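The values are calculated or read from the model by the stated rules, or taken from the named source; none is laboratory data. Predicted, not measured: the structure shown is a model, and the values here were computed from it. Please note: Cβ atoms are built from the backbone with ideal geometry, for glycine as well, and neighbour counts cover all protein chains shown. Quick note on the areas: whole protein, heavy atoms, side chains included, nothing else; ligands and nucleic acids left out. Shrake-Rupley method; radii C 1.70, N 1.55, O 1.52, S 1.80 Å.
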Amino acid sequence: MRPFSKLYMKEGDVMIGTQVAKVIQSKNSAFPVGSHVVSSCGWKTHAISDGKDLTLLMADWPKNVPMSLAVGAIGMPGLTALYGVEAVLKAQKGETLLVNAAAGAVGTVVGQIAKIHGCKVVGSAGSDAKVAYLKELGFDEAFNYKTVPSLEEALKKAAPEGYDCFFENVGGQFSTFALQQMKEFGRIAVCGGISTYHDTAYQTGPYPLTTINWKQVKIEGFMQSRWQSDHPQGLKKLMGWYKEGKLKSREHVTKGFENMPAAFMGMLQGENIGKAIVTV
């Protein structure tokens with residue numbers, strides 16, 4: 001939302017966003033009244049749709065699983081983590097994976113999927129409470145990047161042998177230090193760069209091309225929409241892990257549509273653990 005609004009939106013536009021919504025009136029048999037959909041209509045309390053931007057919640061969604069997870073661990077953030085770990089990084093058993101912003105909606109799922117695949121997982125987060133949560137999720141190592149004396153030393157201590165995979169959510173200085181700790185033929189999946197979203201001008205060099213060259217590191221940016229046709233299968237996989245207890249999810253809940261801007265700003269400031277949602 002943050003970079004998109006900065007680059008492509010103007011004052012007065014409806015803020016982009018995804019919601020789980022209930023159909024309250026319908027002339028479309030594919031979306032009967034009472035059904036629930038995942039909608040991309042943005043920050044609205046109500047919306048009218050021709051159905052093109054709606055996806056029915058999976059028919060066998062368990063009653064004991066919160067539907068809000070359809071915009072979280074069993075939705076776009078979960079799919080982002082899934083494709084990043086499996087399709088981009090191709091993480092394998094015995095490898096070491098690093099993820100920053102690890103206590104967020106995507107990062108928490110990244111770490112858990114990597115553990116399912118038999119990886120050693122290292123996570124970085126911005127508070128001691130978040131680090132404790134990462135340990136609860138099964139992360140092998142986790143540290144508070146805001147309080148460690150040296151980010152470089154923290155990365156080395158967490159994985160002296162180096163990193164095979166790096167799931168990048170932050171950018172900036174963290175990337176510079178992490179790149180130095182990559183193993184030869186390491187892979188980096190670039191999902192985001194939250195540390196740069198408030199910059200008024202794009203950051204420029206120096207670029208560590210020699211390190212990338214000598215280590216023969218592969219760096220690939222990606223978005224989950226690349227695998228749109230695989231979404232149904234991916235969601236079933238995520239739901240299966242959730243029902244088996246292999247995938248856990250925590251939500252940071254804000255109540256009230258009028259509080260959406262505050263919730264959004266709070267998320268960017270790191271107030272949430274797990275997925276930040278607003279209930280209306």
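Taking only the stretch 144-168 into account, find how many residues are open to solvent by 20 Å² or more (accessible area, probe 1.4 Å) and either part of a loop (DSSP other than H, G, I, E, B) or of a type in the set (Phe, Trp, Tyr) (or both).
So the answer is 8.
Between residues in the stretch 233-255 that are assigned to a helix (DSSP H, G or I) and residues that are among the hydrophobic types (A, V, I, L, M, F, W, C) and at pLDDT below 95, which pairs lie under 8 Å by C-beta distance while being six or more apart or on different chains?
Sorted first by the residue in the stretch 233-255, then by its partner, the pairs are LEU235/MET58; LYS236/MET58; MET239/MET58.
If I filter the stretch 205-221 for residues that are touching a residue at least 40 places away in the same chain (Cβ under 8 Å) and out of contact with any His (no Cβ under 9 Å at 6 or more places or on another chain), do I get at least one hit? Steps first, please.
First pass over the stretch 205-221, keeping only residues touching a residue at least 40 places away in the same chain (Cβ under 8 Å): 220.
Okay, now just the ones that are also out of contact with any His (no Cβ under 9 Å at 6 or more places or on another chain), so 220.
For the stretch 205-221, residues touching a residue at least 40 places away in the same chain (Cβ under 8 Å) and out of contact with any His (no Cβ under 9 Å at 6 or more places or on another chain): present.
Which of the residues belonging to the stretch 256-278 are in a strand (DSSP E or B) and within 17 Å of LYS130 (Cα to Cα)?
Quick first cut of the stretch 256-278, residues in a strand (DSSP E or B) only: 274-278.
The answer is GLY274, LYS275, ALA276.
Restricting attention to the stretch 195-206, does a residue exist that is of a type outside the set (Lys, Arg), outside any loop (DSSP other than H, G, I, E, B), over 23 Å from LEU54 (Cα atoms) and open to solvent by less than 100 Å² (accessible area, probe 1.4 Å)? If you could, list the steps in order and put the result at the bottom.
Filtering the stretch 195-206 down to residues of a type outside the set (Lys, Arg) leaves 195-206.
Of the ones still in play, those that are also outside any loop (DSSP other than H, G, I, E, B) are 195-196.
Next cut, over 23 Å from LEU54 (Cα atoms) only: 195-196.
Still in the list and also open to solvent by less than 100 Å² (accessible area, probe 1.4 Å): 195-196.
For the stretch 195-206, residues of a type outside the set (Lys, Arg), outside any loop (DSSP other than H, G, I, E, B), over 23 Å from LEU54 (Cα atoms) and open to solvent by less than 100 Å² (accessible area, probe 1.4 Å): present.
Given GLY123, GLY84, GLY107, which one is open to solvent by less than 10 Å² (accessible area, probe 1.4 Å), in a strand (DSSP E or B), among the small types (Gly, Ala, Ser) and in contact (Cβ under 8 Å) with a residue 24 or more places away in the chain?
Details: GLY84 fails: in a strand (DSSP E or B); GLY107 fails: in a strand (DSSP E or B).
Just a single option satisfies the conditions, and that option is GLY123.
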